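All remarks here apply to the structure that follows.
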Amino acid sequence: MIWYPYEQMKTMQEPYHIVDAKGVWLYTEQGRMIDSVSSWWSVIHGYKHPALTEAIVRQARQFSHVMLGGLTHEPVRRLSEKLEQWLPGDLNYCFFSDSGSVAVEVALKMALQYYVNRKETKRTKILSLTHAYHGDTFKTMEAGDDADYHFILEAYGEKQDVIHIPTEIAALEDAFARYHSSLNCMIVEPLLQGAGGMRMYDVAFLKRARQLCDAYDVLLIFDEVATGFGRTGNRFVADLVLPDILVLGKALTGGYIGHAVTVANQKVYAGFYSDEADRALMHGPTFMGNALACSAALASIDLFETEGYMDKIAKIAEITRREMADFSDPRIGEVRMMGGCVCVEVKDAETLRGYQQFARERGVFARPFLKYLYAMVPYIIREEELVCVLDCMKDWFRR
């Protein structure tokens, strides 16, 4: 029996059975529907893209996987070189893993050990944001701040090593003034907080965070698992403010196969590079650097570069602003838009009860959560398809 994610199995609605998928469309035996959430924000090129399919098939004809322990291969070498060339600044050192959550765990482990290697063993605290979400493994849950996902941690009592602050510069400055000597890192979802409610904030907060991290010798981590590859309207938020460690996942492979990467700068990497064996990063996911995933990622990046994806994202943002202009309802608290994301936050979660089936009957797959009705569509979506998704959202309040 399948145990489904984020569901009470006793009361869950029967999931839609997918028999095919192409472009932005998911096909069931009863019909088709536009995927308005890109399979948890990852399938940016749509389904069954020939370039991605061919990259995976071509690699599978050679071999599908070999471990990186004592072995290496051409796809992982090429992807590392591509990311080194493609990412900003000196984000040059790629540590691969099999999911975004694990990649964030690696980033947090890097930050802690960076100071342990320097014999600064009291730097055990993490500065994070309120409403943060960084994954569902244990350290990422601790760095997160969402009781709806991470209530299980209450069994351990109050958090000892994570400080949560709002996205306000005054709170940021106060936290550094109070805790800087015990911080090893600050971790953020830059500009757009995803599972915490599609919350959006200004780049000025990140610029000040960079200044304070530099002033107090604290590592800055950007979790761009969800925000990377254009979702905020920027290629990466790291293009605007440079972190010490960058985490990518989801769209890294175009959503075709699970893979993630934790990318460190020269300063962090140098903290591990030594003749002393115990200064090495002792971490190694079995499927890190998987050859199929690396091949898919190379094809995905090539599509992003050569087919004008930033223009596609700008067009999605333009259409969304046009279609959602002046849209309001007394039950709505706020409508937020940024790049390839739109979110309607309602005042009462009960307002969204039944929306998923409503959308399905109109040819749209949606997955609202808590008080948030949102869309993060594949970037290849046509205007009429995007308008269909946005009209569906508005029509729910017009019934």
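Of the residues in the range 189-205, not one is under 22 Å from Gln113 (Cα atoms) and without any contact (Cβ under 8 Å) to a residue 40 or more places away in the chain.
The set of residues in the range 173-198 being more than 15 Å from Ala132 (Cα to Cα) and not in a strand (DSSP E or B) consists of Glu173, Asp174, Ala175, Phe176, Ala177, Arg178, Tyr179, His180, Ser181, Ser182. The number of residues in the range 150-190 being farther than 20 Å from Asp202 by Cα, touching a Phe, Trp or Tyr at 6+ places or on another chain (Cβ under 8 Å) and open to solvent by less than 10 Å² (accessible area, probe 1.4 Å) comes to 2. Just a yes or no: is a residue in the range 278-292 in a helix (DSSP H, G or I), open to solvent by less than 50 Å² (accessible area, probe 1.4 Å) and either under 26 Å from Gly194 (Cα atoms) or free of Cβ contacts under 8 Å to residues at least 60 places away in the same chain (or both)? No, the conditions are met nowhere in the range 278-292. Taking the range 259-275 as the range and being open to solvent by 30 Å² or more (accessible area, probe 1.4 Å) and either among the aliphatic types (A, V, I, L, M) or at pLDDT below 95 (or both) as the test, only Ala270 passes.
If you go through the range 126-140 and pick out every residue that is small (Gly, Ala, Ser) and either part of a loop (DSSP other than H, G, I, E, B) or at pLDDT below 95 (or both), you end up with 2.
Screening Thr320 with (1) surrounded by fewer than 19 Cβ atoms within 10 Å (Cβ to Cβ); (2) in contact with a strand residue (DSSP E or B) (Cβ under 6 Å, 6 or more places away or on another chain) gives one miss only, at (1).
Scanning the range 248-269 for residues that are part of a helix (DSSP H, G or I) and small (Gly, Ala, Ser) turns up just one, Ala251.
Hey, any hits in the range 239-246 for a residue that's among the aliphatic types (A, V, I, L, M), closer than 24 Å to Arg336 by Cβ and over 13 Å from the mean Cα position of the chain (by Cα)? Looking for residues that are among the aliphatic types (A, V, I, L, M), closer than 24 Å to Arg336 by Cβ and over 13 Å from the mean Cα position of the chain (by Cα), one finds at least one in the range 239-246, hence yes. Scan (1) touching a Gly at 6+ places or on another chain (Cβ under 7 Å); (2) without any contact (Cβ under 8 Å) to a residue 60 or more places away in the chain for the single condition Asp98 breaks and write down its number. Among (1) touching a Gly at 6+ places or on another chain (Cβ under 7 Å); (2) without any contact (Cβ under 8 Å) to a residue 60 or more places away in the chain, the lone unmet condition for Asp98 is (2). Kindly evaluate Val241 against the criterion of being buried (at least 24 other Cβ atoms within 10 Å of the Cβ) and of a type outside the set (D, E, K, R). It is false that Val241 is buried (at least 24 other Cβ atoms within 10 Å of the Cβ) and of a type outside the set (D, E, K, R). Please determine, by comparing only the residues of the range 329-339 that are over 27 Å from Asn234 (Cα atoms) and assigned to a loop (DSSP other than H, G, I, E, B), which one is most open to solvent (accessible area, probe 1.4 Å). The selected residue is Pro330. Of the residues Val387, Val342, Val346, the single one that is touching a Gly at 6+ places or on another chain (Cβ under 8 Å), open to solvent by less than 40 Å² (accessible area, probe 1.4 Å) and hydrophobic (A, V, I, L, M, F, W, C) is Val346. Sort out which residues of the range 357-399 are within 21 Å of Ala251 (Cβ to Cβ), of a type in the set (A, V, I, L, M) and in a helix (DSSP H, G or I), and write them in order of number. Listed by number, the residues that qualify are Leu386, Val389.
Can you tell me which residue in the range 377-399 is modelled with the highest pLDDT, limited to those that are among the basic types (Lys, Arg) and more than 24 Å from the chain's Cα centre (by Cα)? That would be Lys394.
Residues in the range 300-313 that are of a type outside the set (Val, Ile, Thr), more than 14 Å from Val377 (Cβ to Cβ) and surrounded by 15 or more Cβ atoms within 10 Å (Cβ to Cβ): Ser300, Leu303, Phe304, Met310. On the given criteria, is Gly89 surrounded by fewer than 16 Cβ atoms within 10 Å (Cβ to Cβ), under 18 Å from Tyr269 (Cα atoms) and among the small types (Gly, Ala, Ser)? Considered against the rule, which asks whether it is surrounded by fewer than 16 Cβ atoms within 10 Å (Cβ to Cβ), under 18 Å from Tyr269 (Cα atoms) and among the small types (Gly, Ala, Ser), Gly89 comes out as yes.
A quick yes/no check of all residues on (1) touching a Cys at 6+ places or on another chain (Cβ under 6 Å); (2) at pLDDT below 95; (3) within 30 Å of Gly284 (Cβ to Cβ):
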| residue | (1), (2), (3) |
| --- | --- |
| Arg123 | no, no, yes |
| Glu142 | no, yes, yes |
| Asp148 | no, yes, no |
| Ala155 | no, yes, yes |
| Glu158 | no, yes, no |
| Leu172 | no, no, no |
| His180 | no, no, no |
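The values are calculated or read from the model by the stated rules, or taken from the named source; none is laboratory data. Owing to the predicted nature of the structure, the values given are computational and were not obtained by experimental measurement. Methodologically, a virtual Cβ is constructed for each residue, glycine included, from the backbone with ideal geometry; neighbour enumeration extends over all protein chains shown. Quick note on the areas: whole protein, heavy atoms, side chains included, nothing else; ligands and nucleic acids left out. Shrake-Rupley method; radii C 1.70, N 1.55, O 1.52, S 1.80 Å.
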